[in-house]
Amino acid sequence: MKKPKLLLSLLLLTAAGTYAQVGVGTTNPQGIFNVDGGKDNASSGTPTTAQQANDLVVLSTGNVGMGTTSPLNKLVVKGTNNQPSAQNVDATNAILRVDGSSNHALDFGVLANSPYGAYIQSQNKTGATGLPLALNPSAGKVGIGTVDPSEALTVITSTNAADFGLFSNVTVPPTSDVMAAQIKLGHSKDWFTGIRSILPSGSANTGLMDLQLTTGTAASDNTQVARLTVKAVSGRVGIGTTTPAQMLDVNGTIRGKYGVLLETQYGTVIENFYAVNGGNNDYVGLIPSGATNNLGILFKASTSGTSGLAEVMRIAPSGNVGIGLLQTNATTATPNAKLDVQSAVKEVARFTSSQTLTNFGHIAIGNATGSWAKLAAGSGAFALRNYSDDSTIIYSDLVTGNTGIGTTDPKTKLEVNGAATNTSSIAATGTTINFALSNLAGTTASAGAFTLQNLKDGGSYTLVVKGATSGTSTFSATNIAGTTLTVHLPSDNGATTASKHTLYNFLVVGTDVYVSWVSGL
């Protein structure tokens, strides 16, 4: 055995010294050392690509080629383009392998399918389970598309749009939402937040993937909970819910430093909504914008549960507040006072105080001088009071119907604690007297047949006849309802004194009118 080895060595040394090139299996070495494994190289010229496939060559430049006789780099391994082999395969399609002492291997290859180039695969030679691949595991930085990575992983593309893809091979429509891909962000592999691509239930390979932002729970970050979800089909966004029912669906409270502003536009009108009650679609604080269409702050509510907004209150730019205007057009809904309340029902407004007994609830009305009055109500009564000392000016008992002026305990329908005067009497020229205008009347007509109108039961009336002609007066009378009353003349009723005034007094009791008179005045 020693003799053949010695002979081979002598031949190699002799050849090296003579030709400066060594060929094994070939008489036409392509470098300083060339092994032709298939012994199929031609005796002269450059071997064909097929002949080079089984060659090993070392050039004078120090470049080494495997599968090629013209390596341009220090080590060039040339093989056949092919797709990566599946796991659990020992002899794979790879061109170069880094093999370990166990079933683990690292394969390098060139892909056959355009436009993809090469691949690196961590190969499990004896099992179907894929093995992870660690790049720069000793806390180094990895760069893709850059030689100067600034982060643990830096990806830079040569185009304007950088693509970074994570994909799964889910091909069967799932019966529930499943995670297709996830990016984990955290301080260790066990504590992280996530960005997920979700394949919705019942779909596969449609390109419609939901997006989720997730965080861990108090117990463990490994239990990820979706905090924000973007639905691919509808475009709806859910915060605190994975099934948003509206374009923005928040399961929780929204807080803003300067309020929560939602803006909507229809036509050329832009409206901003503040605060939303999802129960009945009530909108609080609708603020239309536009210099020529400044409507102030509007409050609208749904008229049908889910749609059909109607205005219920408005604060105009002037500071006036309108309630119940029920208009959507600014030109017909502007409140005309600081508080303008309109209602389609009898009860326009209600004010209630928590006070009891004689502590009436009240509304104060006054001007800048501070001379205010109280409109007070409570315990079955209504009162007009002096604001300063709370003294009662007018008091109405809502149970008995009695009203007092200057008293809080009226015993009759109208009780006046003090003198009552008429500031004006009726000045007539004829014989028809309308006592709805005053309890006192005077006429320039002479005595005759007088018609008395609008007398009230319990009323007391006076008529002065000033005509110069003497005569006997008679009277017909009707009440406010137009019902004829019975007039009772005094037994001494007779002719008046010429050129003198005559005074007639009328006392109404039920449907009877009692007359008394004084003549010659």
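For the stretch 101-120, the residues whose backbone nitrogen is under 13 Å from a point 7 Å from the Cα of residue 81, taken along Cα to Cβ, are 110-119. What does the net charge come to around residue 25 if you take all other residues with beta carbon closer than 12 Å to its beta carbon, with K and R at +1 and D and E at -1? Cβ neighbours under 12 Å give a net charge of -2.
Hey, with R₀ at 56 Å, roughly what FRET efficiency would residue 157 and residue 90 work out to, going by the Cβ-Cβ distance, to 0.05? Let's see the in-between values first.
Numbers: r = 36 Å, r/R0 = 0.65.
After rounding to 0.05, the efficiency reads 0.95.
Summarising the label geometry, the points placed 7 Å from Cα in the beta-carbon direction at residue 505 and residue 181 lie 10.9 nm from one another. Normalised by the number of residues in the stretch 361-416, the mean separation of alpha-carbon contacts (under 8 Å, six or more apart) gives a relative contact order of 20 percent.
By the gyration tensor of its Cα atoms, with a ≥ b ≥ c the square roots of the eigenvalues, what is the shape of the stretch 400-521: rounded for a/c under 1.5, prolate for a/b over b/c, or oblate? The shape class here is prolate. Segment residue 116..residue 451, full-extension length gain: 108.9 nm, with 0.36 nm per residue of separation and the alpha-carbon distance subtracted.
Can you pick out the pairs among 374/413; 74/184; 78/184; 338/411 whose Cα atoms lie more than 31 Å from each other? Distance filter (> 31 Å) returns 74/184; 78/184; 338/411.
Applying the criteria of a DSSP loop state and at most 16 other Cβ atoms within 10 Å to the chymotrypsin sites (Phe, Trp or Tyr not before Pro) of the stretch 365-439 yields 372, 387. Relative to the 2.2 N^0.38 Å rule of thumb, the stretch 14-77 has a C-alpha radius of gyration ratio of 1.00.
In plain terms, the chain from residue 355 to residue 386 could stretch by 9.3 nm, reckoned as 0.36 nm per residue minus the Cα-Cα distance.
Could you please report the charge total around residue 240, scoring K, R as +1 and D, E as -1 over all other residues with beta-carbon less than 15 angstrom from its beta-carbon? Intermediate results must be reported in sequence, preceding the final value.
Values: positive: 227, 231, 236, 255; negative: 249.
Summing Lys and Arg as +1 and Asp and Glu as -1 gives +3.
Given R₀ = 22 Å, FRET efficiency for residue 318-residue 369 by Cβ-Cβ distance, to 0.05?
Working: r = 24 Å, r/R0 = 1.09.
For residue 318 and residue 369, the calculated efficiency is 0.40.
With both labels modelled 7 Å from their Cα along Cα-to-Cβ, the residue 466 to residue 42 distance reads 15.2 nm. Estimated from the Cβ-Cβ distance and a Förster radius of 56 angstrom, the FRET efficiency linking residue 444 and residue 213 is about 0.05. Working note: Cα atoms of the stretch 361-416, range along each principal axis, descending, whole Å: 37, 21, 14. Summing charges over neighbours of residue 123, with a neighbour being any other residue whose Cβ is under 10 Å away from its Cβ, gives -1 when K and R count +1 and D and E count -1. Remark: spin-label model distance residue 225-residue 337 equals 5.4 nm, labels positioned 7 Å along the Cα→Cβ axis.
We did not get these values from a lab; they are worked out from the coordinates using the rules stated. It should be emphasised that the depicted structure is a prediction, and the values quoted were computed from it without experimental measurement. Here Cβ is always computed from backbone atoms with ideal geometry, including for glycine, and neighbour counts include all displayed protein chains.
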